[in-house]
Amino acid sequence: MISDALAVVRARLAAAGATDVRIVAVTKGFGAGAVVDAVAAGVTDLGENYAQEVLTKFPEVARRIDLSGVDVHFIGQLQSNKVRPLAPWITRWDTVDRSGVVDVIARHCHGARVLVQVNATGEEGKGGAAPEEVEPLVHLAQGAGLRVDGLMTVGPTRGGPEAARPGFALVRGLVDRLGLDVCSMGMSDDLEVAVAEGSTEVRVGSALFGARPRRSDHGAVA
């Protein structure tokens, strides 16, 4: 049951010393039924990675439940041509990592809430702006009329939870230096380390929903 899994995640956060850490339930790969069940269990923040999946799934979700009290976060790598069709469904864009993304969000969603994504590990192929690019990008987004809530990052691909600590500490320092509110870091496997380093928001998928089902060619899941 999602409600039981959510209670376990909350207990983990509390044991790690969290007092006010938001849980973003990552529903990518799961169908409309899982989203409905998650909201019924008390989830108020949902994370989605794939544009086509959002466009397929959320009209069905909206027919079944009221989403007015739920924030939907786009946490995948964002293609500029997907911003306009996604805009009716997305509350916050969490992977702003370059000026082109700033420009297109500002054009179609003036005043939108965003996070700037930081590549704190230096891994090639991983999304996110380099640490030295973060401050100019934040100022660019703010100047374009976007609301920059904070920063987000993803831990390293290898090395286990402790390997994420230096990058998490770096991003927390940037959040403080820039006077931002949200420090989004930590997932199912490393949320304790993230909390210890000052995360205000964790993105949790497998710990809530179990193994992710295989996606169809169109990103839709039954």
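Miscellaneous remarks
- Most to least packed among 126-138, 193-205 [average Cβ atoms within 10 Å]: 193-205, 126-138
- Taking every Cα-Cα distance in the range 104-160 and sorting them into 5 Å bins starting at zero, the pair-distance distribution P(r) comes out as 4, 20, 26, 20, 14, 10, 4, 2 percent.
- The convex hull defined by the C-alpha atoms of the range 1-41 has an orientation-averaged projected area of 3.1 nm².
- Along its principal axes, the range 90-222 has C-alpha extents of 40, 37, 26 angstrom, given from the largest down.
- Placing +1 on each Lys and Arg Cβ and -1 on each Asp and Glu Cβ, with no other charges, gives the chain a dipole about its Cα centre of roughly 540 debye.
- Taking packing as the residue-averaged number of other Cβ atoms within 10 angstrom, the listed peptides 146-155, 36-45 run from highest to lowest as 146-155, 36-45.
- Positive-end residue of ALA129, VAL171, PHE58, charge dipole of the range 2-209 with Cβ unit charges: PHE58
- In plain terms, the chain from THR44 to ASP103 could stretch by 18.4 nm, reckoned as 0.36 nm per residue minus the Cα-Cα distance.
- With a cut-off of 14 Å between beta carbons, the residues surrounding ARG147 carry a summed charge of -2, where Lys and Arg count +1 and Asp and Glu -1.
- Taking each DSSP H run with n ≥ 4 as -39500 (n - 2.57) and averaging over every residue of the chain yields -11500 deg cm²/dmol at 222 nm.
- The convex hull built on the alpha-carbon positions of the range 12-85 has an orientation-averaged projected area of 5.8 nm².
- Evaluated at q = 0.09, 0.13, 0.18 Å⁻¹: base-10 log I(q)/I(0), Debye formula over Cα of the chain: -0.33, -0.73, -1.41
Where a number appears in this text, it was derived from the coordinates with a stated rule and is not lab data. On a predicted model such as this, the values are computed, not experimentally measured, just so you know. When we count neighbours, we look across all protein chains shown, and the Cβ atoms used for this are built from the backbone with ideal geometry, even at glycine.
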